[in-house]
Amino acid sequence: MTASFIGKAGLVTGGGSGIGRAAALEIARRGGKVVIADIADEAGLETVRLIEQEGGIAAFQHTDITDEPSVAALVASVVDRYGSLDFAHNNAAGGIPPKELADYDSEMNAWALKLYLEGPYFCLAHEIRYMKEHGGGSIVNTASLAGLVASPLTGPYTAAKHGVVGYTKSAALEYGRYGIRVNAVCPGVVRTGLTKDLPDEYIGAVTAGQVIKRLADPAEIAAPVVFLLSDSASFITGAIVPVDGGATTSTTSVD
Ligand SMILES: NC(=O)c1ccc[n+]([C@@H]2O[C@H](COP(=O)([O-])OP(=O)(O)OC[C@H]3O[C@@H](n4cnc5c(N)ncnc54)[C@H](O)[C@@H]3O)[C@@H](O)[C@H]2O)c1
């Protein structure tokens with residue numbers, strides 16, 4: 001069955017780049033109307049331009065997911081523009097400097113929890129409040145491999161992404177009865193702006209533990225996101241889907 005978004009409208013946070021841009025493009029190709037939410041205006045507008053160039057429908061809404069009124073305004077903007085909020089991909093995030101856990105100070109720890117955990121919470125809460133009153137919807141959170149296992153030198157990120165997995169399960173459990181499905185994808189290392197400065201040794205060490213020994217392309221993460229957001233995944237909720245080249249398959253490599 002082809003995942004169709006004809007007649008549906010929604011949002012992608014962090015849609016200005018990487019995984020979010022790839023997901024937004026694919027949703028628009030399948031007929032969905034998409035609001036691109038990003039803190040980076042130029043990048044977000046560029047995604048809108050790319051979608052329109054292909055004949056799709058999209059708009060940009062400047063959004064900072066760490067600012068609750070900004071998230072509330074985002075949800076309202078989708079409904080104002082397109083008449084409904086049927087799907088949401090909560091995906092935005094930025095990079096964190098690599099350090100051992102105790103070397104982060106409390107300020108950096110608080111910043112990371114705000115961006116990686118409280119931001120997705122604001123998004124979930126505002127989307128759910130709308131969807132609950134309007135017949136349901138589908139939400140996909142971008143967690144991470146670091147939401148399933150520890151990722152080295154990113155303690156607050158790892159903690160927050162485990163939290164995103166927890167929010168995903170809680171929301172799926174509590175709101176299924178309103179027709180709301182909530183799932184998460186857990187990407188391994190993907191070739192995006194977030195990973196461009198990672199040292200080769202780090203990438204080598206991570207990919208060595210995978211079955212498929214390379215970085216992912218953003219489109220390879222977007223594909224399961226789009227499927228989970230669509231009605232093709234109508235019996236899937238609370239699923240935490242590794243999209244990690246097999247990194248979590250086994251602790252033993254056969255190579
Ligand atoms: N790239 C990877 O290897 C990888 C691996 C696992 C998980 N992830 C997750 O995937 C998601 C997308 O990351 P990406 O790799 O595509 O990165 P990216 O940098 O290409 O895209 C992230 C986007 O989020 C936007 N953003 C940052 N802070 C924001 C804020 N406060 N409010 C709104 N928008 C904001 C950025 O401007 C950017 O456009 C993130 O949640 C990230 O943690 C990425």
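Filter the stretch 78-95 down to the residues that are open to solvent by 30 Å² or more (accessible area, probe 1.4 Å) and touching a strand residue (DSSP E or B) at 6+ places or on another chain (Cβ under 6 Å), then identify the one that is farthest from ALA28 (Cα to Cα). Even if it seems obvious, please write down each step before you answer.
The initial filter retains those residues of the stretch 78-95 that are open to solvent by 30 Å² or more (accessible area, probe 1.4 Å), namely 79-83, 86, 93, 95.
Among the residues that remain, those that are also touching a strand residue (DSSP E or B) at 6+ places or on another chain (Cβ under 6 Å) are: 81-82, 86.
On the way: ARG81: 15, TYR82: 13, ASP86: 14 Å.
Only one residue fits best here, namely ARG81.
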Has the stretch 19-33 got any residue that is farther than 25 Å from GLY188 by Cβ and part of a strand (DSSP E or B)? yes
Answer residue from the stretch 143-156, given it is open to solvent by less than 20 Å² (accessible area, probe 1.4 Å) and near the ligand (Cβ under 9 Å from one of its atoms) and is nearest to HIS126 (Cα to Cα) among those: ALA143
How many residues does the stretch 46-77 hold that are more than 14 Å from the ligand (Cβ to nearest atom), in contact with a strand residue (DSSP E or B) (Cβ under 9 Å, 6 or more places away or on another chain) and either at positive phi or assigned to a strand (DSSP E or B) (or both)? 3
Test GLU107 against the stated conditions and say whether it is touching a residue at least 24 places away in the same chain (Cβ under 8 Å), part of a helix (DSSP H, G or I) and among the acidic types (Asp, Glu). no
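Please specify each residue of the stretch 213-235 satisfying the condition of being part of a loop (DSSP other than H, G, I, E, B) and under 26 Å from ASN90 (Cα atoms). It would help to see each step written out before you state the result.
As a first pass, look at the stretch 213-235 and keep what is part of a loop (DSSP other than H, G, I, E, B): 213-215, 217, 230, 234-235.
Scanning the stretch 213-235 gives ARG214, LEU215, ASP217, SER230, SER234, PHE235.
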If we keep just the residues of the stretch 93-112 that are touching a helix residue (DSSP H, G or I) at 6+ places or on another chain (Cβ under 7 Å) and within 13 Å of the ligand (Cβ to nearest atom), which is nearest to PRO156 (Cα to Cα)? ALA112
Using the structure shown, decide if ALA24 is of a type outside the set (D, E, K, R) and surrounded by 16 or more Cβ atoms within 10 Å (Cβ to Cβ). yes
For the stretch 159-188, name all the residues that are β-branched (Val, Ile, Thr) and either assigned to a loop (DSSP other than H, G, I, E, B) or under 22 Å from ASP231 (Cα atoms) (or both). VAL165, THR168, ILE180, VAL182, VAL185
Could you count how many residues in the stretch 157-204 are among the aliphatic types (A, V, I, L, M), open to solvent by 20 Å² or more (accessible area, probe 1.4 Å) and either in contact with a strand residue (DSSP E or B) (Cβ under 6 Å, 6 or more places away or on another chain) or away from the ligand (no atom under 16 Å from the Cβ) (or both)? 1
How about the stretch 130-158: which of its residues are touching a helix residue (DSSP H, G or I) at 6+ places or on another chain (Cβ under 8 Å) and in a helix (DSSP H, G or I)? TYR130, MET131, LYS132, ALA146, GLY147, GLY155, PRO156, TYR157, THR158
Could you please find all residues in the stretch 218-242 being in contact with a Lys or Arg (Cβ under 6 Å, 6 or more places away or on another chain) and either surrounded by 20 or more Cβ atoms within 10 Å (Cβ to Cβ) or not small (Gly, Ala, Ser) (or both)? THR237
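For every residue, the table says whether it meets (1) at pLDDT 95 or above; (2) closer than 23 Å to PHE87 by Cα; (3) over 15 Å from the mean Cα position of the chain (by Cα).
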{"site": "TYR167", "(1), (2), (3)": "yes, yes, no"}
{"site": "ALA172", "(1), (2), (3)": "yes, yes, yes"}
{"site": "TYR175", "(1), (2), (3)": "yes, yes, yes"}
{"site": "CYS186", "(1), (2), (3)": "yes, yes, no"}
{"site": "THR195", "(1), (2), (3)": "no, no, yes"}
{"site": "ILE203", "(1), (2), (3)": "no, no, yes"}
{"site": "VAL243", "(1), (2), (3)": "yes, yes, no"}
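The values are calculated or read from the model by the stated rules, or taken from the named source; none is laboratory data. None of these values were measured; they are calculated from a predicted model. All Cβ positions, glycine included, derive from the backbone under ideal geometry; neighbour counts span all protein chains shown. SASA here: full protein model, heavy atoms, side chains in, ligands and nucleic acids out. Shrake-Rupley method; radii C 1.70, N 1.55, O 1.52, S 1.80 Å.
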